[in-house]
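*Asks:* Before I ask anything, here is the structure I am working with.
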Amino acid sequence: MRGLIVTKEQEVRLVDDIPAPKIGEYEALVKMSCCMICNGTDREIIQGKLAEAQEYPLVLGHEGAGYVIRTGGRVRNFRHGDLVVRPSLKDAGKYRSAWGGFAEYGIVVDYEALREDGQKQPDDRCGLTQQVVPPGIRPEQASLMITLKETLSAVRRIGLSAKDRVLIVGDGPVGLCMLYNCLLSGIRSVSVLGNRTQNLRRARQIGAADCYDNRDEGEHRRLAADWSGRLTCYIDTVGNQETIQRGMRLAGEDGTVAVYGLGSGEHLTLNMSGIRNRKLQFVQWPINEEERKTHGFIADAILSGKINTDLLITHVLPIGDFEKGFDAIQKKEAVKVALTFP
């Protein structure tokens, strides 16, 4: 079957020799409809920087959605025709799996049936977030739900309340999804610091209290005047040393610097001069049990129009045009890119 693979030479290629998956008694086979390019994790995998994906060649993709076409004999919670999120692929032949959402077919695991039958559950527990999407949500919207669910679970893990004063650093897809989820969680004061004029405009449309252009020194002075020492939470979707250090300065006493971005790498050195009573929290990786709990909330928000997915899904391309999708992300012309299978 066809799919996108990454070679050890950091090349992304569309191949047609990936072995088709075979399902077990507690698994269902899924015909993939689309998969989103993850601007953060997929890039880390391609560059060979993600610790969890180091064996190449590997099949890329973890933000997929598709329709169940066959179920194992003991599957009870997936039915033929269900639209499901996060189908994955096991290691297959010469290809390792980096979740494998960019393959034509994937598998979902019926964790509830395994639990009810007293069976051992897979160690990675990824199947906890393989869930059925309600009618009325399109496949590309279902794929977008994955980023929305991950970021909502992070917002909840940070422990924010309606009275918090929040600055989100980064106006990419994660930053904009964080913004949506903070607002939907009842937080009234949420601002965004970013680099892209069009995305800052999107942030205002979503409902940001204020937006600051990171490229403008005058905006940095305005940001410092508005918030230095007053923020209760600084959410860093970039995650490099400079952005984390800035959060330490802007956060107020007992404030939280919550790092979601993957950019901090293997080493982090912070200048702690004058920094007292700050909380540094890393929420860089989804906890499957927590992400699972957000599924209904996000689905309802999309169906009710509280989340306008058109502000976030900017490109929908056939899988054969994957280079155009990655190029649009590299040039920062895209927010989220969905690659579709026929």
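The values are calculated or read from the model by the stated rules, or taken from the named source; none is laboratory data. Keep in mind that what you see is a predicted model, and the values were worked out from it rather than measured. As a convention, Cβ positions derive from the backbone with ideal geometry for all residues, glycine included, and neighbour counts pool all protein chains shown. Side chains included, ligands, DNA and RNA excluded: accessible areas come from the protein's heavy atoms. Shrake-Rupley method; radii C 1.70, N 1.55, O 1.52, S 1.80 Å.
*Asks:* Which numbered condition in (1) surrounded by fewer than 18 Cβ atoms within 10 Å (Cβ to Cβ); (2) within 16 Å of the chain's Cα centre (by Cα); (3) of a type in the set (D, E, K, R) is the only one that K90 fails?
*Replies:* (2)
*Asks:* Consider segment 48-61. How many of its residues are open to solvent by 40 Å² or more (accessible area, probe 1.4 Å) and either farther than 10 Å from T7 by Cα or at pLDDT below 80 (or both)?
*Replies:* Number of matching residues: 4.
*Asks:* Please indicate, with yes or no, whether at least one residue in segment 179-191 is in contact with a strand residue (DSSP E or B) (Cβ under 9 Å, 6 or more places away or on another chain), buried (at least 24 other Cβ atoms within 10 Å of the Cβ) and under 21 Å from R278 (Cβ atoms).
*Replies:* yes
*Asks:* Considering only residues of segment 253-272 that are free of Cβ contacts under 8 Å to residues at least 40 places away in the same chain and part of a strand (DSSP E or B), which is nearest to A154 (Cα to Cα)?
*Replies:* Among them, the one singled out is V259.
*Asks:* For residues that are within 30 Å of D236 (Cβ to Cβ) and touching a Lys or Arg at 6+ places or on another chain (Cβ under 9 Å), tally how many sit in segment 1-33.
*Replies:* Summing the residues that are within 30 Å of D236 (Cβ to Cβ) and touching a Lys or Arg at 6+ places or on another chain (Cβ under 9 Å) in segment 1-33 gives 2.
*Asks:* How many residues does segment 143-169 contain that are open to solvent by 10 Å² or more (accessible area, probe 1.4 Å) and closer than 18 Å to R43 by Cβ?
*Replies:* If we filter segment 143-169 for residues that are open to solvent by 10 Å² or more (accessible area, probe 1.4 Å), which is where we start, we get 150, 156-165.
From what's left, closer than 18 Å to R43 by Cβ: 150.
Total satisfying the criteria: 1.
*Asks:* Every residue in segment 214-223 that is under 29 Å from the mean Cα position of the chain (by Cα) and surrounded by 14 or more Cβ atoms within 10 Å (Cβ to Cβ), please.
*Replies:* Here is the first cut: in segment 214-223, the residues under 29 Å from the mean Cα position of the chain (by Cα) are 214-216, 219-220, 223.
Residues satisfying the conditions are N214, E219, H220, L223.
*Asks:* Applying the selection to segment 62-87, what residues are open to solvent by 30 Å² or more (accessible area, probe 1.4 Å) and either within 27 Å of G263 (Cα to Cα) or among the charged types (D, E, K, R) (or both)?
*Replies:* R70, R74, R76, R79, D82 - these are the residues of segment 62-87 that are open to solvent by 30 Å² or more (accessible area, probe 1.4 Å) and either within 27 Å of G263 (Cα to Cα) or among the charged types (D, E, K, R) (or both).
*Asks:* From the list Q281, Q245, pick out the single residue that is at negative phi, open to solvent by 10 Å² or more (accessible area, probe 1.4 Å) and within 21 Å of the chain's Cα centre (by Cα).
*Replies:* One residue alone meets the criteria, Q281.
*Asks:* Can you pull out the residues in segment 316-342 that are under 18 Å from I5 (Cβ atoms), open to solvent by less than 20 Å² (accessible area, probe 1.4 Å) and not hydrophobic (A, V, I, L, M, F, W, C)?
*Replies:* Within segment 316-342, just G325 meets the criteria.
*Asks:* Name every residue in segment 71-129 that is assigned to a helix (DSSP H, G or I) and either of a type outside the set (D, E) or closer than 26 Å to L4 by Cα (or both), in order of residue number.
*Replies:* Y111, A113, L114, R115, C126, G127, L128, T129
*Asks:* Could you check how many residues of segment 285-315 are closer than 21 Å to L50 by Cβ and either touching a Phe, Trp or Tyr at 6+ places or on another chain (Cβ under 6 Å) or open to solvent by less than 50 Å² (accessible area, probe 1.4 Å) (or both)?
*Replies:* Residues meeting the conditions: 3.
*Asks:* Can I ask one more? Could you check, for segment 302-312, whether at least one of its residues is among the acidic types (D, E) and either closer than 17 Å to Q141 by Cα or outside any loop (DSSP other than H, G, I, E, B) (or both)?
*Replies:* Checking segment 302-312: at least one residue is among the acidic types (D, E) and either closer than 17 Å to Q141 by Cα or outside any loop (DSSP other than H, G, I, E, B) (or both).
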